[in-house]
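All remarks here apply to the structure that follows.
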Amino acid sequence: MQQGHAIIRIHRIGICGTDLHAYEGTQPYFTYPRILGHELAGELVEADGAAGFKTGDLVTLMPYFYCGACIACRSGKHNCCVNIQVCGVHTDGGMREYLQVPSYALLQGEGLSLEELALVEPLAIGAHGVRRAAIQAGEWVLVAGSGPIGLGVIAFAQIAGAQVIVLDVNDARLAFCREQFGIRHTINARTQDVLATIMEITAGDRCGVVIDATGNLQAINSAFPYLAHGGRYVLVGLQKGDIQFSHPEFHKREATLMSSRNATRSDFAFVMDCIKEQRIKPLHFITHRVPFDKAGSEFHHWLHPAGGVIKAMIEMNV
């Protein structure tokens with residue numbers, strides 16, 4: 001074991017859109033071969049420089065390994081470190097029995113279950129995007145994409161007091177949002193006139209915040225007209241192409257375009273507090289569970305909407 005590092009025995013691995021995009025070859029930061037897995041929960045086996053931790057603790061981790069010296073790190077923005085190494089993206093991840101990580105990345109389990117711990121990271125992505133958006137109570141917020149990241153965005157936008165509209169092309173996922181989150185307004189982009197529907201819902205104001213969680217270029221480009229004047233557009237989803245929009249339309253709105261990358265320690269802490277307080281119930285997101293030795297044969301099924309997957313969880317060492 002390296003100095004200042006810890007070894008975790010992995011018990012749960014959540015499957016993320018990043019993993020699926022990597023499997024397809026559409027994730028922009030990947031090189032191959034690569035061991036996937038960054039939504040992780042396990043048992044601490046050994047650690048150096050991990051004050052407050054002991055062998056046997058249930059832990060999760062912040063999978064964003066940072067340099068500590070660049071301009072972002074000096075500003076406390078470790079989530080967008082210039083030299084960042086994301087576990088399971090830039091470096092080999094947790095789809096294996098044991099994983100070595102920097103000790104600073106460890107997070108105590110704080111009484112959460114293994115599955116809850118494995119879901120903290122994707123929820124923190126959503127929490128960070130919502131925090132970037134600086135949502136005001138009562139503001140109309142359009143969330144484009146209701147996959148696992150989008151569900152986190154929806155949950156934390158609601159906690160922030162937003163009036164949430166959900167946009168997707170999958171009726172089953174839109175129904176899930178209505179049933180699990182009480183979302184009143186859902187729009188299917190394939191079967192409805194999105195702009196006309198948004199104008200009707202918001203009495204012509206459009207949306208003060210648009211948050212993309214699709215990672216789909218066409219969806220990202222199509223959403224600029226949904227912004228209200230003075231609105232903020234936050235890109236949580238990621239894709240390889242070039243964004244295109246009308247400068248005059250964007251300019252006249254004095255709109256703000258921003259990206260949201262990864263999450264910070266404060267986002268992780270907020271998510272864990274919300275789970276403990278039952279303000280969010282992430283276990284409802286899990287639709288598929290599979291033992292590790294069956295994951296390889298199941299993985300390609302999770303790419304297709306017909307499979308009905310919202311969140312797949314791999315079980316190890318059980």
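The values are calculated or read from the model by the stated rules, or taken from the named source; none is laboratory data. What you see is a predicted model, and the numbers here were worked out from it, not measured in a lab. Note: ideal-geometry Cβ built from the backbone for every residue, glycine included; neighbour counts use all protein chains shown.
Can you name every residue in segment 268-291 that is buried (at least 17 other Cβ atoms within 10 Å of the Cβ) and outside any strand (DSSP E or B)?
Matches in segment 268-291: Phe268, Phe270, Val271, Met272, Cys274, Ile275, Ile280, Pro282, Phe285.
Return yes when Gly204 is out of contact with any His (no Cβ under 6 Å at 6 or more places or on another chain) and outside any loop (DSSP other than H, G, I, E, B) and no when it is not.
It is false that Gly204 is out of contact with any His (no Cβ under 6 Å at 6 or more places or on another chain) and outside any loop (DSSP other than H, G, I, E, B).
In segment 2-28, what residues are surrounded by 13 or more Cβ atoms within 10 Å (Cβ to Cβ) and out of contact with any strand residue (DSSP E or B) (no Cβ under 6 Å at 6 or more places or on another chain)? Don't jump to the end; show me each part of the working.
Filtering segment 2-28 down to residues surrounded by 13 or more Cβ atoms within 10 Å (Cβ to Cβ) leaves 5-23, 26-27.
Those that are surrounded by 13 or more Cβ atoms within 10 Å (Cβ to Cβ) and out of contact with any strand residue (DSSP E or B) (no Cβ under 6 Å at 6 or more places or on another chain): Gly17, Thr18, Asp19, Leu20, His21, Ala22, Tyr23, Thr26, Gln27.
Could you list all residues from segment 159-181 that are part of a helix (DSSP H, G or I), of a type in the set (A, V, I, L, M) and at pLDDT 95 or above?
Ile159, Leu174, Ala175
Would you check which residues across segment 214-226 are farther than 22 Å from Ala263 by Cβ and in contact with a helix residue (DSSP H, G or I) (Cβ under 8 Å, 6 or more places away or on another chain) and list them?
Once the filter is applied, which keeps residues that are farther than 22 Å from Ala263 by Cβ and in contact with a helix residue (DSSP H, G or I) (Cβ under 8 Å, 6 or more places away or on another chain), segment 214-226 yields Ser222, Phe224, Pro225, Tyr226.
Read through the list (1) in a helix (DSSP H, G or I); (2) touching a Cys at 6+ places or on another chain (Cβ under 9 Å); (3) surrounded by fewer than 18 Cβ atoms within 10 Å (Cβ to Cβ), then give the number of the only condition that Asn83 fails.
Result: Asn83 passes all but (1).
Residues of segment 208-221 being closer than 22 Å to Pro148 by Cβ and in a helix (DSSP H, G or I), which ones? Let's see the steps before the verdict.
From segment 208-221, those closer than 22 Å to Pro148 by Cβ are 209-220; that's our starting set.
Within segment 208-221, Leu217, Gln218, Ala219, Ile220 meet the criteria.
From (1) crowded, with 22+ Cβ neighbours inside 10 Å; (2) touching a residue at least 60 places away in the same chain (Cβ under 8 Å); (3) farther than 15 Å from Val194 by Cβ, pick out the condition that doesn't hold for Ala157.
(2)
Specify the residue that is nearest to the chain's Cα centre (by Cα); the eligible residues are those in segment 224-242 that are farther than 23 Å from Ala155 by Cβ and modelled with pLDDT under 95.
Gln239
Can you find a residue that is crowded, with 18+ Cβ neighbours inside 10 Å, out of contact with any strand residue (DSSP E or B) (no Cβ under 8 Å at 6 or more places or on another chain) and in contact (Cβ under 8 Å) with a residue 60 or more places away in the chain anywhere in segment 179-202?
no
Looking for whichever is over 29 Å from Met258 (Cα atoms), assigned to a loop (DSSP other than H, G, I, E, B) and of a type outside the set (S, T, N, Q) here; the options are Gly138, Gly94. Which one fits?
On the way: Gly138 fails: over 29 Å from Met258 (Cα atoms).
Going through Gly138, Gly94 in turn, the sole match is Gly94.
Take segment 43-74 and flag every residue that is in a helix (DSSP H, G or I) and loosely packed, with under 13 Cβ neighbours inside 10 Å.
Listed by number, the residues that qualify are Ile71, Arg74.
If you go through segment 203-223 one residue at a time, how many are closer than 22 Å to Gln158 by Cα, of a type outside the set (A, V, I, L, M) and free of Cβ contacts under 8 Å to residues at least 60 places away in the same chain?
Residues flagged as closer than 22 Å to Gln158 by Cα, of a type outside the set (A, V, I, L, M) and free of Cβ contacts under 8 Å to residues at least 60 places away in the same chain within segment 203-223 amount to 1.
Restricting attention to segment 115-146, which residues are in contact with a Leu (Cβ under 9 Å, 6 or more places away or on another chain) and among the small types (Gly, Ala, Ser)?
Within segment 115-146, Ala118, Gly126, Gly129, Ala144, Gly145, Ser146 meet the criteria.
Quick one: how many residues across segment 1-51 are without any contact (Cβ under 8 Å) to a residue 24 or more places away in the chain and on the phi > 0 side of the Ramachandran plot?
1
Here are some conditions: (1) touching an Asp or Glu at 6+ places or on another chain (Cβ under 9 Å); (2) modelled with pLDDT of 95 or more. Arg265 meets all but one. Which one does it not meet?
Only one criterion in (1) touching an Asp or Glu at 6+ places or on another chain (Cβ under 9 Å); (2) modelled with pLDDT of 95 or more is unmet by Arg265, namely (1).
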